[in-house]
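Accompanying notes for the structure given below.
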Amino acid sequence: MSDSKSPKRVLVVTYNFPPVGGAGVQRVTKFVKYLPQFGWDATVLTTENPSVPVYDESLLADVPPQTVVVKARTLEPGYALKRFVSASNAEPNQVTRSVSEGGRSMTSDGNSPSLTLRVRFMAAAKRALRGAANLLLQPDPQVLWNSRAIEAGLRILGQRTHDAIFVTAPPFSSLLIGAELARRTGLPLVLDYRDEWSISNSYLENKRLGWLSRTWQQHQQSLCVRAASALVATTRHSAESLQEVARASECRPLVTHIYNGFDTADFHDGTSPLP
């Protein structure tokens with residue numbers, strides 16, 4: 001086979017990849033599965049110890065055998081601890097309201113004042129820890145993967161020729177990995193937005209309420225968009241929003257959309273379709 005007909009190779013940077021399960025992993029897994037049909041092979045850079053709640057070993061069947069998967073460790077805590085810290089700290093009234101019962105001070109649920117004090121202390125500690133994490137870990141806690149992912153990505157790109165870098169988000173910190181790799185190597189960068197960064201900031205798992213966080217993340221997104229050759233959204237409306245982001249960032253990457261769909265191979269059970 002001549003070089004002109006040899007498959008091109010793309011570095012796919014994704015925090016979530018099989019055996020991680022859940023909705024967010026489906027899109028990139030199917031991209032990797034079907035890219036060879038379009039003349040592209042993939043090297044996947046993903047997490048060795050992802051802080052996630054769901055695993056699905058069956059998704060590994062969708063990864064082509066020629067796919068090279070490289071894993072880098074994240075410095076995040078385990079998912080259980082992360083969830084504990086991020087949980088709501090609202091205290092029920094019965095814990096915070098004391099009543100007098102038989103001359104002995106008790107809370108309304110029968111707890112002693114010392115227990116109530118411990119509950120208050122733990123709640124305050126969690127609020128402080130969560131506040132510090134929200135302020136420092138921008139744009140999301142998964143940014144703790146970035147340093148090792150960038151190191152691994154540069155090693156991959158130095159050892160083997162690649163033609164492009166593809167990054168999917170959220171987590172949006174992964175886009176920063178792609179921007180740095182593109183800056184260091186000069187390779188074209190494609191950013192795949194499964195969700196819009198601004199919507200995630202307002203409503204979803206990346207929610208940030210402070211103006212400082214929002215301002216800093218706008219800067220981070222502009223940095224990523226300016227480094228990109230192309231932006232991919234999941235809907236036409238989201239693509240239009242990305243066009244606005246690009247204009248605000250004073251750059252002109254190609255902006256398009258690829259809808260989420262379904263893989264007919266996942267539904268083949270040997271039965272005939274309904275008439």
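On full extension, the segment bounded by R120 and Q66 gains 14.0 nm, given 0.36 nm per residue less the C-alpha separation. Of the peptides 58-67, 241-250, the order by per-residue mean of other Cβ atoms within 10 Å, starting with the highest, comes out as 241-250, 58-67. Couplings 3J(HN,Hα) of the stretch 230-247, computed from phi: 8, 10, 10, 10, 9, 9, 5, 5, 5, 5, 5, 5, 5, 4, 5, 4, 5, 4 Hz, in residue order, whole Hz [Karplus 6.51 cos²θ - 1.76 cosθ + 1.60, θ = phi - 60°; x for Gly and Pro].
Every number here is computed from the coordinates shown, using simple stated rules; none is lab data. As the structure is a prediction and not an experimental result, all values here were calculated from the model. Note that each Cβ is placed from the backbone with ideal geometry, even for glycine, and that neighbours are counted across all protein chains shown.
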